[in-house]
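Heads up, the thing below is written out as structure tokens.
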Amino acid sequence: MTGLHDPSQRPINYLRISVTDRCNLRCIYCMPAEGVSLMPHQAILTYEEIYTVAKAAAELGINKIRITGGEPLRRRGIVSLVRMLSNIKGIKELVMTTNGVELEKFASELKKAGLSRVNISLDSLNRKKFVQITGKDKLIDVLRGIEAAKENNLHPIKINVVVLKGINEDEILDFVRFGSEKKLIIRFIEYMQINQSYPNNLYLPNFVVKQIIEKHWGPLEPVSSLDSSSARYFKPKDSNVLLGFISPVSSPFCSSCNRLRLTAEGKLYPCLLENFAVDLKKALRRNDEVYIKHLFDWAIKNKSRKYRKLCKTDKFMCQIGG
Ligand code: SAM
Ligand code: SF4
């Protein structure tokens, strides 16, 4: 069996695993104001079950795994999961997306356990605005987390900035400067209003972000060697700072999408924008490894890469892992 879906397209080789729906921040674009009804502990896959899925996935062509959440560092024993996943044959890249709040504490252990690198979400360099976006006064902790990631060679470190109209759009140039000074890759992400309850007035297209940067720095040069299935990379002519643009709304990348998403409760979503998922939990609880592999393979083969306009789903980003 193979992870190749169609030889003309990118192989499906990337699995995002959400390990929890819990989080220590309350970002306005991710968590609903009233919070999400949290899954009971017994509903969540154990680390052994996640390992079983990841091993089956690796045998089907998955070679990159991202651990995400909710906030993955909130789940107890997360370092042991990293160690387990990093030992799976065929997994070349094991990465994590974190809000960075507790990264200072974990960076060294994560590196030793086999984590390749981290993406850190940070939407404001201004303390008050950080509180406005995330609901918590944790900017200093995140900045310390970034330093710890650098010290422990969890690089290249990518900073994910969701650009929010009228909230942090005035910080775009500050982030470029921050990336340049700290030698970090800065990635501007378009806000996706994937749930009806998310605010409907925050979207700012990335071409506007690019215009703002070019007005100050001059034309941005493409860095094609770094392009991924979702991000396009550029750099200003007179600077080495790398800038990524992830534009799922203005420039969807469905045709080159190479990822599947596993939720903390064992649902495998072939597409972020579809409500359809394959439930792996029953097969996992029966210890039926053959059936798990069959279901995973089915999800790979049935992943649609047809263009999908952004639509409302019944999910929240904190549940599906972003
Ligand atoms: N808690 C971790 C964090 O914030 O990095 C990991 C989970 S979070 C759901 C993963 C990524 O999804 C983050 O980079 C976050 O900024 C992004 N994200 C969440 N909601 C989003 C939205 N509505 N539109 C675009 N990106 C979003
Ligand atoms: Fe938590 Fe990450 Fe969602 Fe923010 S984006 S609420 S940090 S899961």
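Here, each number is a calculation from the coordinates, and none is a lab measurement. Model, not experiment: these values are computed from the prediction. Here the Cβ positions follow ideal geometry from the backbone for every residue, glycine too, while neighbour counts run over all protein chains shown.
Considered as a group, the residues in the stretch 37-71 that are within 10 Å of ligand 2 (Cβ to nearest atom) and in contact (Cβ under 8 Å) with a residue 60 or more places away in the chain include one that is surrounded by the most Cβ atoms within 10 Å (Cβ to Cβ), and that residue is Gly70. In the stretch 46-75, the residue that is nearest to ligand 1 (Cβ to nearest atom) out of those that are part of a helix (DSSP H, G or I), under 28 Å from Gly35 (Cβ atoms) and not hydrophobic (A, V, I, L, M, F, W, C) is Pro72.
Only residues that are surrounded by fewer than 21 Cβ atoms within 10 Å (Cβ to Cβ) and in a loop (DSSP other than H, G, I, E, B) were counted in the stretch 168-183, giving 1. Looking only at the stretch 282-322, residues that are assigned to a helix (DSSP H, G or I) and surrounded by fewer than 17 Cβ atoms within 10 Å (Cβ to Cβ) come to 8 in all. The residue pairs whose first member lies in the stretch 206-235 and is touching a residue at least 40 places away in the same chain (Cβ under 8 Å), whose second member is among the hydroxyl-bearing types (Ser, Thr, Tyr), and whose beta carbons are closer than 7 Å, counting only pairs six or more residues apart or on different chains, are Asn206/Ser247; Asn206/Ser250; Phe207/Ser250; Trp217/Ser239; Ser229/Ser256.
Number of residues in the stretch 109-134 that are of a type in the set (S, T, N, Q), more than 12 Å from ligand 1 (Cβ to nearest atom) and assigned to a helix (DSSP H, G or I): the value is 1. Among the residues making up the stretch 76-105, those that are within 14 Å of ligand 1 (Cβ to nearest atom) and free of Cβ contacts under 8 Å to residues at least 40 places away in the same chain are Val95, Met96. Does at least one position in the stretch 184-201 carry a residue that is without any contact (Cβ under 8 Å) to a residue 40 or more places away in the chain, of a type outside the set (Lys, Arg) and not in a loop (DSSP other than H, G, I, E, B)? Scanning the stretch 184-201, I find no residue that is without any contact (Cβ under 8 Å) to a residue 40 or more places away in the chain, of a type outside the set (Lys, Arg) and not in a loop (DSSP other than H, G, I, E, B), so the answer is no.
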